[in-house]
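The values are calculated or read from the model by the stated rules, or taken from the named source; none is laboratory data. A quick note: this is a predicted structure, and the numbers were derived from the prediction, not measured. So basically every Cβ, Gly included, is an ideal-geometry build from the backbone, and we count neighbours across all protein chains shown. For the accessible areas, the whole protein counts, side chains as well, though only heavy atoms, and no ligand, DNA or RNA atoms are used. Shrake-Rupley method; radii C 1.70, N 1.55, O 1.52, S 1.80 Å.
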Amino acid sequence: VPEGDSIARLAARLRTRLEGRTVVRFEAPRANGPRPKPGVTITKVESYGKYLMISFDDGFVLETHLRMTGRWDIYGPDERWRKPVHLARAIIEVDDAVAVCFSAPVVRIRREKRQDNESGSPVDASKVGSGQLGPDLCRDDADLDEALRRIPLVCEPDEDIADVLLDQRVAAGVGNVFKSEVLWACKVNPLTPLRDVDDETRRRLLETAATQLRANLGRGPRTTVAGPPGSLAVYARGRRQCRRCGSTIRWQRTGRDNRSTYWCPTCQPRDAH
Ligand SMILES: [Zn+2]
């Protein structure tokens with residue numbers, strides 16, 4: 001499942017093939033309203049949290065969120081698509097490539113002022129998604145003070161800290177894998193109610209999330225601990241040994257959306273932080 005790091009990497013991959021290019025075909029069969037016409041230029045491809053945005057020089061912005069099912073592919077002109085055309089939710093063709101978004105549940109076209117649409121202009125988070133996204137932890141300039149300030153405004157005191165980390169209104173980018181990895185790194189039990197997590201620990205969790213996400217913006221499989229590429233601390237390691245203490249990793253579905261959560265019962269005991 002894509003998290004902030006994978007969407008940032010996807011944006012980088014699409015950027016090299018699309019930015020500055022002229023659109024010869026644009027389709028978004030399920031999106032409402034006006035849309036960019038052939039002949040427009042793609043001005044920028046960027047991500048914010050788990051959203052991907054593609055901007056055009058006539059002010060249009062295509063925004064997608066892949067959730068669990070969606071994917072973006074980029075193909076050469078004669079290359080065979082890996083999914084059937086009826087699953088395509090957006091198609092952007094330039095002279096030597098076609099980018100196709102399959103099965104994304106969120107595909108939206110909006111319009112911005114032209115100067116906001118130029119390459120290099122900052123992302124206005126109030127326009128992305130619900131308009132309520134917190135700082136994007138994948139970005140070097142993410143404002144962690146702002147993320148901390150948002151926690152009591154959008155979360156309940158009895159909410160699990162694991163759900164707080166997933167709340168994109170606090171900070172954008174953390175998904176279900178990083179949730180478990182960050183809590184293990186900080187030795188915090190995922191089921192700790194927010195009210196029992198002090199400010200210092202909250203900051204440490206956000207800093208760790210930012211560090212882990214940013215460490216995964218390059219090539220290679222997602223890695224959060226020392227070891228071969230792809231090494232994770234606890235995620236999908238249920239019943240295996242904790243890399244720190246050797247205890248058996250626990251697995252349980254937790255929280256608002258019943259998401260898989262992994263932790264070490266010894267390193268992450270249930271007490272106040
Ligand atoms: Zn342990």
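Annotations
- Ordering P84, V225, V106 by Cα displacement along the dipole of the chain toward the positive end leaves P84 in first place; charges were set at the Cβ atoms of Lys, Arg (+1) and Asp, Glu (-1).
- Comparing V177, V128, V225 in a Gaussian network model of the chain (Cα springs below 10 Å), the most mobile by mean-square fluctuation is V225.
- Choice from K44, K113, K187 with maximal GNM fluctuation in the chain (Cα, 10 Å cutoff): K113
- Rounded to the nearest 20, the Cβ-based charge dipole of region 18-111 about its Cα centre (Lys and Arg +1, Asp and Glu -1) stands at 560 debye.
- Accessible area per residue for region 102-144 is 55 Å², calculated with a 1.4 Å probe on protein heavy atoms, without ligands, DNA or RNA.
- Computed with a 1.4 Å probe over protein heavy atoms only, the accessible surface of region 32-87 comes to 47 Å² per residue.
- In this simple spin-label approximation, Q132 and T248 carry label points 7 Å from Cα along the Cα→Cβ vector, and these lie 4.0 nm apart.
- Counting only Cβ charges, +1 for Lys and Arg and -1 for Asp and Glu, the dipole size of the chain around its Cα centre is about 1020 debye.
- Nonlocal Lys pairs with alpha-carbon distance under 28 Å, the chain (8 or more apart, or different chains): 15
- Model label sites at D198 and R82, defined 7 Å from Cα along the beta-carbon direction, differ in position by 4.7 nm.
- For R71, net neighbour charge (Lys/Arg +1, Asp/Glu -1) across residues whose Cβ lies under 11 Å away: +3
- Alpha carbon centroid spacing (whole Å) that separates region 1-26 from region 156-223: 26 Å
- Across the chain, the mean sequence separation of Cα contacts (distance under 8 Å, 6 or more residues apart), normalised by length, yields a relative contact order of 16 percent.
- 3J(HN,Hα) along region 187-203, derived from phi through the Karplus expression 6.51 cos²θ - 1.76 cosθ + 1.60 where θ = phi - 60°, amounts to 6, 10, 5, x, 8, 5, x, 3, 4, 8, 10, 6, 4, 4, 5, 4, 5 Hz, with x in place of Gly and Pro.
- Additional length obtainable on full extension of the chain from A226 to R169, 0.36 nm per residue less Cα span: 17.5 nm
- What region 167-223 shows is 37 Å² of accessible area per residue, with the surface traced by a 1.4 Å probe over protein heavy atoms.
- By accessible area, using a 1.4 Å probe on protein heavy atoms only, the chain has 47% of its surface on carbon and sulfur.
- Per the Debye calculation on the chain with a single equal scatterer at every Cα and no solvent contribution, log₁₀ I(q)/I(0) for q = 0.13 Å⁻¹ amounts to -0.87.
- Going by accessible surface with a 1.4 Å probe and the largest first, E207, E118, E200, E159 read E200, E118, E207, E159.
- Accessible surface of Y235, taken over heavy atoms with a 1.4 Å probe and every protein chain present, rounds to 60 Å².
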